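These notes concern the structure reproduced below.
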Amino acid sequence: MKDILEAPFVVEMIRTTTNMYNHGWDERNGGNISLLLEEADVKDYLDTDAVIRAIPTGFSAPELDGKYFLVTGTGKYFKNVQYAPDVNLGLVRIANGGETAELLWGFTDGGKFTSEFPAHMMSHVARLKVDPDNRVVMHCHPANLLAMTYVHTLDEREFTRTLWQMCTECIVVFPDGVNVLPWMLCGTNEIGEATAEKMSTARLVVWSLHGIYGAGKDLDETFGLIETAEKAAEIYMKIAHLPRVNTITDEQMHQLEARFGVKGREGYLA
Ligand code: 13P
Ligand code: ZN
């Protein structure tokens, strides 16, 4: 068996959680990540027959039966993942129609997966239907996106258009735009179901007054997706109180669509 601490998926998870903490997106235990793994990748590092604990999930997701996830632990601090990955992370296999997570590695202090596990697992189901290459669901609390939900309308078209207008490359990075949920109680199956529904039409879902969810094919790409939206929100929060003299026009957005071979969300551009 190879050393799991040297597995690319663990190394990359440590780098990503550390980077997110350093960006100020994950105060205290804020934020969580789940990474879908192939059984072939896992088998080099673990005896997949050796289940440490079976943890009930409290929801069903039959589509995920047999799938492996590396996931951050509930109550764990992103800043600490690099120092104790086996305490702060866990590797689980979904079983029993989604109702059980079999722990194969990690959570060595008796901990368990993030309280947002419903939103993560249901979002994986939703994204895999749209994009079979989706591997990552990432949640965090970036300050500017959060701030924006206090002062900007939560209308999804308007919210998306504002972000697209803040940096030229936004429409290229997230042509599907940003979906927005109103404030909801976090950590519940209800917010999980609502998030997954929003994930079926966009890779970014804002949780108003709380944070954001992103989905993508790997950790780097998903980080970059949230990073781009957060940069746009930062520009917005710098200029929202000032008279707007210039903006990126819809005509210019259409030029970007043609240049980069993307198509903005239907009906979002004039
Ligand atoms: P966890 O510590 O359970 O992952 O919760 C953090 C969080 O951001 C809740 O939305
Ligand atoms: Zn949160």
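The values are calculated or read from the model by the stated rules, or taken from the named source; none is laboratory data. Remember, it's a predicted structure, so these values are computed and weren't measured experimentally. Cβ: placed from backbone, ideal geometry, glycine included. Neighbour counts: every protein chain shown. Calculation scope for accessible area: heavy atoms of the full protein, side chains included, ligands and nucleic acids excluded. Shrake-Rupley method; radii C 1.70, N 1.55, O 1.52, S 1.80 Å.
A few notes on this one:
- Output for the range 128-149, where each listed residue is open to solvent by 10 Å² or more (accessible area, probe 1.4 Å) and away from ligand 2 (no atom under 16 Å from the Cβ): LEU128, LYS129, VAL130, ASP131, PRO132, ASP133, ARG135
- Within the range 33-54, residues that are under 15 Å from ARG135 (Cα atoms) sit with their Cβ atoms under 9 Å from residues that are in a helix (DSSP H, G or I) and of a type in the set (Phe, Trp, Tyr), at 6+ positions apart or across chains, in these pairs: ILE33/PHE78; SER34/PHE117; LEU35/PHE9; LEU37/PHE9; ASP41/PHE9; VAL42/PHE9.
- Scope the range 148-163; condition under 15 Å from VAL205 (Cα atoms) and of a type outside the set (Ser, Thr, Tyr); matching residues: MET148, LEU154, ASP155, GLU156, ARG157, GLU158, PHE159, ARG161, LEU163
- Counting only helices (runs of 4 or more DSSP H) that fall entirely inside the range 3-98 and contain at least 1 residues that are among the aliphatic types (A, V, I, L, M) and crowded, with 18+ Cβ neighbours inside 10 Å, the qualifying elements are 8-22, 39-43.
- Count of residues meeting criterion [buried (at least 23 other Cβ atoms within 10 Å of the Cβ) and over 14 Å from the mean Cα position of the chain (by Cα)] in the range 106-127: 3
- For the range 102-115, the set of residues classified as part of a loop (DSSP other than H, G, I, E, B) and either within 16 Å of ligand 2 (Cβ to nearest atom) or of a type outside the set (Ser, Thr, Tyr) (or both) consists of PHE107, ASP109, GLY110, GLY111, LYS112, THR114, SER115, listed by residue number.
- Restricting the range 197-222 to residues that are within 16 Å of ligand 1 (Cβ to nearest atom) and open to solvent by 10 Å² or more (accessible area, probe 1.4 Å), the residue that is nearest to PHE174 (Cα to Cα): LYS198
- For the range 7-16, the tally of residues that are farther than 15 Å from LYS43 by Cβ and not polar (S, T, N, Q) stands at 5.
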